[in-house]
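The values are calculated or read from the model by the stated rules, or taken from the named source; none is laboratory data. Treat the numbers as computed from the prediction; the structure is a model and nothing was measured. Cβ coordinates were reconstructed from backbone atoms using ideal geometry, including for glycine residues, and neighbour counts include every protein chain displayed. With ligands, DNA and RNA removed, areas are computed over all heavy atoms of the protein, side chains included. Shrake-Rupley method; radii C 1.70, N 1.55, O 1.52, S 1.80 Å.
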Amino acid sequence: MSAQATRERIVEAADELFYQQGFEHTSFADIASLVKISRGNFYYHFKTKDEILAAVIDHRLSVTRTMLEAWEREGDTPMARVRCFIRILIANQAKIFLHGCPVGSLSNELAKLNHPARTDAVRVFTLFRRWLGDQFRAAGQADRADELAMHVLAFSQGVATMAVAYQDEAFVEREVQNLCQWLMERFDTH
């Protein structure tokens, strides 16, 4: 396996473990074990946990950009694209029930640790925020685009938090439907 492929496997494993166990509770040994490489090989690719964290954040940004591009192709209207974002709560429901939102979980943990990378982790939220804002601008809501984007982001984080707390599938589905209905009534133009 190439060095690049090994590095990518390390980043993907670290991303998974940071999500499942948290950044602070994931060790080099945990990641090396999941990837099935020696610690020496691991250290060849990453010298510090902060280097891995930076690579995980970059990986999440890349995955998010790819997802947003897919939603651009799938949704024929701005609000159809926003609904793609909202429905991710249902698509990822099983993972959310176990570990919460990956973006929110990492951002919250790094804030609690007062970790210097906390502002980097928020870049994933910012990517969603800008993309959602673009959708609202395209729907004729230029004056309120950022406010509406933040509303949808806050809503999704609230639902994810309650999903972890209550483990209630019907709640998640109902809230997703309610927000989709709100979008349709206020912003769909046809």
Just checking, how many residues over the range 109-119 are over 21 Å from residue 152 (Cα atoms) and assigned to a helix (DSSP H, G or I)?
5
Going through the range 108-128 in order, the residues found to be under 18 Å from the mean Cα position of the chain (by Cα), farther than 18 Å from residue 58 by Cβ and surrounded by fewer than 17 Cβ atoms within 10 Å (Cβ to Cβ) are 111
Scan (1) among the aromatic types (Phe, Trp, Tyr); (2) in contact with a His (Cβ under 8 Å, 6 or more places away or on another chain); (3) over 17 Å from residue 104 (Cβ atoms) for the single condition residue 23 breaks and write down its number.
(3)
Residue 167: passes all of (1) exposed (fewer than 14 other Cβ atoms within 10 Å of the Cβ); (2) farther than 18 Å from residue 89 by Cα; (3) in contact (Cβ under 8 Å) with a residue 60 or more places away in the chain but (2)
For the condition open to solvent by less than 30 Å² (accessible area, probe 1.4 Å), in contact (Cβ under 8 Å) with a residue 40 or more places away in the chain and in a helix (DSSP H, G or I), what is the one hit in 10, 31?
10
Determine the pairs where a residue that is more than 28 Å from residue 82 (Cα to Cα) and in contact (Cβ under 8 Å) with a residue 60 or more places away in the chain, located within the range 40-68, has a partner that is among the hydrophobic types (A, V, I, L, M, F, W, C) and open to solvent by less than 80 Å² (accessible area, probe 1.4 Å) with Cβ atoms under 6 Å apart, the partner being 6 or more residues away or on another chain.
53/117
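Of the residues 125, 23, 136, which single one is within 20 Å of residue 159 (Cα to Cα) and at pLDDT 95 or above?
Answer to the check: 125.
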Report the residue count in the range 60-90 for those that are open to solvent by 50 Å² or more (accessible area, probe 1.4 Å), in contact with a helix residue (DSSP H, G or I) (Cβ under 8 Å, 6 or more places away or on another chain) and of a type outside the set (A, V, I, L, M).
4
Looking at 44, 19, can you tell me which residue is crowded, with 17+ Cβ neighbours inside 10 Å, of a type in the set (Phe, Trp, Tyr) and part of a helix (DSSP H, G or I)?
19
When you look at residue 150, is it open to solvent by 30 Å² or more (accessible area, probe 1.4 Å), under 23 Å from residue 76 (Cα atoms) and assigned to a helix (DSSP H, G or I), yes or no?
yes
